[in-house]
Amino acid sequence: MANLLFILFYMMCLCVYAVMKLAEYILYGIGLRGMAREMGVGNGWLAFVPFARKYLQGKVSGPITLKGKTIKEPGLWLVLLPFSVGIATGFLAGLVMALVVVGTLVRSNAIIMIPVTGVAILAGVVIFLLGLVGTAAQNGLRALVDHQILSRYCQGNVLILHIVFSTIFPLYEAAVFFYYRHHTAARV
């Protein structure tokens, strides 16, 4: 009986999560498409295509200038950054797995085992740090893009709260985009 209750609870949590993700997908798509149309950015239908929506978000944002440096295509970076971090961590994870296999095959030779284990542990730490830095870079770039977009609709503390809450809370960015989709943006 306890197992059945656990399974039902688990399934209910999965259903709630699926409904939240679907709502986020729809609200974000409608909001981003409306903002793209408002800003005169073509191909608003890209707001409903999974990876292309991040590219469109960067196009709506426009170039981002930070400390004298300009990110000309933030949408491209929003799409490529997760892929590049995934490829790098995947390569290192493959290296760790290969080292574990080599270490297992030659475990009788302690001279080889110590360096293999050390390199595998070091690679594991590098994978963790690369994932952490990659996630921070992705969230930072997304916050910059959101700041660029939302600064056309609101200012001051409201803008900062939108950026912070968009980073922390699920559905928030989608709800904000949906809310501001029909507001007139101040041309920057």
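Starting from residues that are aromatic (Phe, Trp, Tyr) and over 18 Å from Leu141 (Cβ atoms), keep the ones in the stretch 30-58 and report whichever is modelled with the highest pLDDT. Ranking the qualifying residues of the stretch 30-58, first place goes to Phe48. Pro63 meets each of the listed conditions (1) modelled with pLDDT under 90; (2) surrounded by 12 or more Cβ atoms within 10 Å (Cβ to Cβ); (3) out of contact with any Phe, Trp or Tyr (no Cβ under 9 Å at 6 or more places or on another chain); (4) not acidic (Asp, Glu) apart from (2). The residues of the stretch 24-77 that are closer than 19 Å to Ala175 by Cα and polar (S, T, N, Q), listed by number, are Gln57, Ser61.
Determine whether Ile163 is in contact with a helix residue (DSSP H, G or I) (Cβ under 9 Å, 6 or more places away or on another chain), part of a helix (DSSP H, G or I), modelled with pLDDT under 90 and crowded, with 16+ Cβ neighbours inside 10 Å. Judged against the criteria, Ile163 is not a match. At least 1 residues being free of Cβ contacts under 8 Å to residues at least 12 places away in the same chain and touching an Asp or Glu at 6+ places or on another chain (Cβ under 7 Å) is the threshold, and among the helices (runs of 4 or more DSSP H) wholly inside the stretch 1-115 not one reaches it.
The values are calculated or read from the model by the stated rules, or taken from the named source; none is laboratory data. Values in this document were obtained by computation on a predicted structure and should not be read as measured data. When we count neighbours, we look across all protein chains shown, and the Cβ atoms used for this are built from the backbone with ideal geometry, even at glycine.
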